[in-house]
Every structure is written in C-alpha cells, then in structure tokens.
1. How many angstrom lie between the C-alpha centres of region 114-169 and region 19-60?
2. About its Cα centre, how strong a charge dipole does region 215-396 have in debye, to the nearest 20, once Lys and Arg get +1 and Asp and Glu get -1 at the Cβ?
3. Measure up LYS53/LYS237; LYS173/LYS414; LYS221/LYS399; LYS249/LYS371 against 18 Å on the Cα-Cα distance and list the ones that go over.
4. Name the residues whose placed amide hydrogens come within less than 5 Å of the amide hydrogen of ILE160, ignoring near sequence neighbours (fewer than 5 apart) on the same chain.
5. Provide the packing ranking of 277-290, 19-32, i.e. peptides ordered by the mean count of other C-beta atoms within 10 Å per residue, highest first.
6. When the helix-only estimate is applied to the chain (DSSP H runs of n ≥ 4, each -39,500 (n - 2.57), divided by the residue count), what is the mean residue ellipticity at 222 nm, nearest 500 deg cm²/dmol?
7. Apply the Debye scattering formula to region 75-168, with a single equal point scatterer on each alpha-carbon and no solvent, then give log10 I(q)/I(0) at q = 0.11, 0.18, 0.21 Å⁻¹.
8. Looking at the square roots a ≥ b ≥ c of the eigenvalues of the Cα gyration tensor of region 262-315, which shape do they give, rounded for a/c under 1.5, prolate if a/b is larger than b/c, or oblate?
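FYI, it's all coordinate maths here, none of it is from the lab. Note that this is a predicted model, so its numbers are computed, not measured. Cβ coordinates were reconstructed from backbone atoms using ideal geometry, including for glycine residues, and neighbour counts include every protein chain displayed.
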Amino acid sequence: MCSTIKTFIINASDWYNKGDVGNRIGMILALKKAFGDNVNIVLESSTAEIDSKYFAKYGVKVIQGPLHIQSSRHLSISLVVHMFLKYLYLALLAFTARVFKIPKVKDPYLNEMLCADLILSSAGGFIHDELKLVSLQNIIPIAVASLILNKPVILYAQSIGPFSRRFTILLTKVVLSRIELIILRERKSIEYIEKMGLKVPVLVTTDASFTLLSLLNGVQKNVSRPIRKVGVTVVGKFESRNFERDYVKYVTTLASVIRYIIEKYQAKVYILPQTLIEYDVATAYLLKNLVTRANQMEIEIVKMDCTPEKLISMYAKMDFMICSRLHSAIFASLSGTPIIVLSYQHKAEGILEQLGLKELVVDIRKISLDKLIPLVDYVAEHKESLHNLMEKRILVLYKKSLVSAFIVKHYLNKLKQ
C-alpha cells in the first residue's frame, strides 16, 4: 500500500480519563506499526487543546469534538435540547455535503469526516445504554459517518453492551448494520451483538492499551520484598439498580480493606489518579476520610495530572493494586504488578480472563470483606508467581493488540479491490 491513508478516530473522549488516553496511544502505535508512514491520523477529543500538545510527538492532529456530555444522572432539559440541535445540525450539514458533493465544509469535525478514507470508532467501551445520553453521543457520529456520508467505519477494540432499553437496541442495530467490521477486545460482547441480531463481521483481539508495553523502559521490580506499597484506584459512578446503597457499600468495604492492609502488612496505601473525573476525585477523599485517623498517615492521595506513561511507572512501584478502573489494572499489568479488580462492567471479566486472572475479579455491586480480604492475602502471598504469570501473558496480549491494526489494514485493502 503506497498511498497515504487518511484515518479519523472518533468517540475519543477527553484527557482526564487516562484509560481513554491509553487506548488512543495504543491505537496510534499499532496503526503506525501496520501502515508505517502511509497513515495520516486525525483524532477527535473534547479536550483538544490539551491533547494536541501531548499527541504532537506522534505526529497526530487533534480536533475538538462536536459535543461532550459528562456522565450524569441528572440531565437537564436544556442539555437534551442542546444535544439534539447540535446533532441535527451535524446530520443536515453532512446530508447537504453528500447530496451536493461538497468536498469541504466550515465545520472542522465534519470536514475531517469528509476527507477521511477510513473512520475508526475509538477503542474502549462506549456503545451501551447504562449512561443514557452519554452513550447516545457516541453512536450518533457513527451514524453520520456510515449512514449519511457512506464512509467505511470500523469499531476498533471495543466492548459492546449491556443494553436495557429497546430504543437504544434498535438504534444501535440500525447504525452498526452499516459499518464494515467490529473488532472486540473481549468475547462477552458477542452475546449482546447476537441478541441484537446484528449481521456484521466480528473479530476478537484485546484491549488497545496493551500496545503501551512498547513504551515501558527499564522498569525493575523487586517482587520478593515484603509488602510495603499498595495502590488503589477508585470509581465514583457505576450502573446499579440501587446506586446509593451499592456506592456506600463499595466505599465503606474498600476503606475497611485499606485498614486491614495497613494494619496487617504495615504498608502504605496510595490512592492513585487513574482519572481526574470530579466524582472519582470526590470518592478518593471520601475513602481517605473513612479510614480511621490513626491510620491516616499511612494513606496518601496522589494529586497529579499524569500521562499514561507516568501512571505505568507509578503503578510499577506498587507491590500490588486494587483497581476500580479497568485501565489502571491494564497499566499495572504491563509491569507485572499483581492486581485485584473491582468490576462494574463485563469488560473487566473479559480482559482479566485473557490475563489468566479471572479469579481476581469482584463485582463492585457484590463487594464484601468476605470476598476481598482472602484475595488481598492471596495476592500478597503469591505476588511473585502472579508477576511471572503476568509477564508471560502480557507479551501475548501485546502482540494481540497489534493484530487489531493489521486487521484494519487487511479490510481496507479488501475494500479497495
């Protein structure tokens, strides 16, 4: 393939969720591995100014996305109206551009769609209906690209589902029926695709962030030392039929586990900044306040806006981690740091199964001391063997993460024939 492929990555979220940033880095590294110098990548972000500075080193252009709604349980009427009008404008402009064969428009986001040879929906877990309108804002751009502009669209290393609303299921089925290919990062999502009756080619690889293994330089771990440093990442919002009850149970149980770690292992616990999302930060402070005053000197909230590379380096210094965010578990696994994962979506079970660590996953809605304390003791006792297992599995998953980009290249060649 000699000509340069113009690739536009949509649904790419923002700078403050470092898991999403890790996915974007992973996509870029893998695409450059597959296409070499023959790929031109443009990235959508809702924090384009910050992302532009970071992604400049990869030669990637970043543009502001059309709309970004933070996860919220209280969506105002004005916000709903704003979203509707914004996407109606985008759809009408796209329709006009296609009908009248207009090659370039003033809207920079739509202009990138028009110029692109290929649209990639960013790696991650965006297509579900757990967060209401937050989820819709990710399916509509795919509809504009595939249904209106007739552009080739591929979902890249994603998780799909769960769904509970008929409207979302129908909309998702209609939109995704027009795309070229779905690349999943875990197998559980196949069940949701089959329930929809969606007839689109589906392949399974793994999470895009495993590609970040290539950025790991000179990390040395002393896995035989006693437990001294334990990392924790938190989540401030997750889907639940009774969120208030389950959230209180999650935070209070985790606080008790932290006290147990401090008292039994004489370890210092660090609450680490996997995201800078407001409700995650609030949860970190609540968690610290719940730990008894006698132990507060042994728990520290790390207040830094870190790049994924910095987080990976930070997690490598931990003896083990309790992860409420999936990508904190993936970042930790890159250096072989043992992990316990508190899961709020099926994506975590799928990825941990690939790591050979499915038994170290606990559903965040079913969290209890009876489940977590034995896992803490198990990981503390077996951290050396877990480290060795993870080192082997990570190499496999790194190669598998690159496969996603080579699949994209194969399908693009097929489309051109």
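1. Cα centroid to Cα centroid, the span is 19 Å.
2. Using only the charged Cβ atoms, the result is roughly 200 debye.
3. Numbers: LYS53/LYS237 29 Å; LYS173/LYS414 24 Å; LYS221/LYS399 23 Å; LYS249/LYS371 13 Å.
In this structure, LYS53/LYS237; LYS173/LYS414; LYS221/LYS399 lie more than 18 Å apart at Cα.
4. The list, which skips near neighbours in sequence, is SER189.
5. On the way: 277-290: 16.6, 19-32: 25.8.
Descending mean neighbour count gives 19-32, 277-290.
6. That calculation yields -15500 deg cm²/dmol at 222 nm.
7. Relative scattering, expressed as log10 I(q)/I(0), comes to -0.35, -0.90, -1.12.
8. Working: a/c = 3.23, a/b = 1.43, b/c = 2.26.
Note, shape of region 262-315 comes out oblate.
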